[in-house]
Every structure is written in structure tokens, then in C-alpha cells.
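Q: Dropping a structure here in C-alpha cells format, bear with me for questions.
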Amino acid sequence: MFYLKTNEGFGMPMLLFYGAIFLIMYFFFLRPQVKKQKAQNSFSSALKKGDEVVTGSGIIGKISKIEDDIIHLEIAQKTFIKVLKGAISREMTEAMRKPASDKA
């Protein structure tokens, strides 16, 4: 009879390898995404009437009214649209607020 040789030392290095892969994935992909989501959520909850914001599609407007998850934006004089809070882009809004000298 032929017996298969088992390599008993094979299990622990593979476990360490998969653990290292998981840690790399966590610190380079998952953790930054969670931080970004928390920042977006805190930005969305801090929105108030009168703030100038930019939507993800590039529409610039001033918040005229907030109802739960719906924001009424004034995009021109007496021209209003409704958007969801999640449609307001934190990055674009902050970029819009920076002085022109910082952009160069």
C-alpha cells in the first residue's frame, strides 16, 4: 500500500499567509473606505439651510429646506430641485469652498 506523505508544517504557514493577506486588505481597502463613509455621514448630518453645496452630478446650489433625507436646493433664483442627502458630494463641496489660490 502506498501512503500519502503529509506535510504537517504546511497548515501554519498557510494560515499566517492568509492572515497577512486579510490584514493587508483591511488596512489598504476596508479601513479607508469606512473612514470615508463616516466622514460623508458626518458631513451629511451637518448640512443646514443656507449652505452652498455641489451634488455628485455637478449641480451647484444653496440649501433652502431639509426634510429627512430630501434636500431642496435653489439652483437659480426661484428655481428649486429636490435631491437626496446622499447625492451631495463632500469632496466637490469642499473643493468649491477653497480659495482660487489653493487650486493652483
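Q: Under the condition of being of a type in the set (V, I, T) and closer than 14 Å to L47 by Cα, which residue from region 64-93 is surrounded by the most Cβ atoms within 10 Å (Cβ to Cβ)?
A: Looking at the filtered set, the residue picked out is I71.
Q: For F22, indicate whether it is more than 15 Å from the chain's Cα centre (by Cα), in a helix (DSSP H, G or I) and of a type outside the set (S, T, N, Q).
A: yes
Q: Oh, and also: Just checking, how many residues over region 42-59 are surrounded by 14 or more Cβ atoms within 10 Å (Cβ to Cβ) and assigned to a strand (DSSP E or B)?
A: 3
Every read-out reported here was derived from the displayed coordinates using simple, explicitly stated rules and does not represent laboratory data. Just so we're clear, the structure is a prediction, and the values are computed from it rather than from any experiment. Note that each Cβ is placed from the backbone with ideal geometry, even for glycine, and that neighbours are counted across all protein chains shown.
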